[in-house]
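Some notes on the structure that comes next.
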Amino acid sequence: MPIDEFQKQINMANQPTILVVEDEEDLRDIVIYNLEREGYQTIGVETGEQGLEQAIAKKPDLIILDLMLPGMNGMDVCRHIRQNGEIQAIPIIMASAKGEEADIVSGLELGADDYVTKPFSPRILLARVSSVLRRSKQVDVVDVSLLKIDGLTIDTKKFQLSIDNEAIDLTKSEFGILHFLASHRGWVFTRYQIVDAIRGDKYVVTERAIDVQIAGLRKKLGSHADLIETVRGVGYRFKE
Ligand code: CA
């Protein structure tokens, strides 16, 4: 084998493998074409059952999962993956049709990492893919006690926020929400996930109350308010 051909194969072997579960053949081909052009290795399947099978057999680095599939749908596949110890950590990007916000919310709550709404441009998909792959390699930053972002200092030991070195008075739940979102920059969370994440203390927060808390939080963040972004119909995220 010529040396550069050999080198090429070695390089290929180091590229992340992406499993694409999509029943629409044209769309699957487009997605695979774009992923491969970007240097990723791909596996394409058309049913949820095959998706789960390949996830177990090949342990891909990431799964792009269509929600509406004949037979076992994307939601079921996602649930099965998250319950299977061997493959539960594989990141999942869900693909859903526009206007299926409720499904996106359920998918995120089942443990999907991100989503794209159809029709999506290859550019958007590739950006999501590389961002999810990057995050999945990152060490867990949840326990970092001092987060510094854009002039904000979030001190979890003192439960204190300061903006440009000036202390800002936050309620305990406002602080909890801010810290949770800020320690997962770029991730979208549903209201329920936010409630769940900050639960465990004595105070109780409902899903509906999250909007009120976020509004209060933004007010206190002042000119930094846009760091917390609303994702319409889905939830919130801290600006990436
Ligand atoms: Ca479909």
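Overview of results
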quantity: Single residue of TYR236, TYR192 found to be touching a strand residue (DSSP E or B) at 6+ places or on another chain (Cβ under 7 Å) and within 19 Å of ASP114 (Cα to Cα); calculated: TYR236
quantity: Hits in the stretch 17-39 (condition: more than 16 Å from the ligand (Cβ to nearest atom) and open to solvent by less than 70 Å² (accessible area, probe 1.4 Å)); calculated: THR17, ILE18, ASN34, LEU35, GLY39
quantity: Which numbered condition THR42 misses (of (1) within 22 Å of SER121 (Cβ to Cβ); (2) open to solvent by 30 Å² or more (accessible area, probe 1.4 Å); (3) within 16 Å of the ligand (Cβ to nearest atom); (4) among the β-branched types (Val, Ile, Thr)); calculated: (3)
quantity: Tabulated pairs, the stretch 21-43, first within 22 Å of ASN73 (Cβ to Cβ) and touching a residue at least 24 places away in the same chain (Cβ under 8 Å), second within 11 Å of the ligand (Cβ to nearest atom) and among the hydroxyl-bearing types (Ser, Thr, Tyr), C-beta under 7 angstrom, 6+ apart or interchain; calculated: ASP23/THR47
quantity: Residue that is nearest to SER136 (Cα to Cα), among those in the stretch 151-169 that are touching a residue at least 40 places away in the same chain (Cβ under 8 Å) and open to solvent by 30 Å² or more (accessible area, probe 1.4 Å); calculated: GLY151
quantity: Listing of strands (runs of 3 or more DSSP E) fully contained in the stretch 59-159 that carry 1 or more residues being out of contact with any Ser or Thr (no Cβ under 7 Å at 6 or more places or on another chain) and at pLDDT 90 or above; calculated: 62-66, 92-97, 114-118, 152-155
quantity: Test: residue in the stretch 61-68 that is out of contact with any Phe, Trp or Tyr (no Cβ under 8 Å at 6 or more places or on another chain), away from the ligand (no atom under 13 Å from the Cβ), open to solvent by 10 Å² or more (accessible area, probe 1.4 Å) and among the hydrophobic types (A, V, I, L, M, F, W, C); calculated: no
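The values are calculated or read from the model by the stated rules, or taken from the named source; none is laboratory data. Since the model is a prediction, treat every value here as computed from it, not as a measurement. Counting neighbours? That spans all protein chains shown, and the Cβs are built from the backbone with ideal geometry, glycine included. Only protein heavy atoms, including side chains, enter the accessible area calculation; ligands, DNA and RNA are left aside. Shrake-Rupley method; radii C 1.70, N 1.55, O 1.52, S 1.80 Å.
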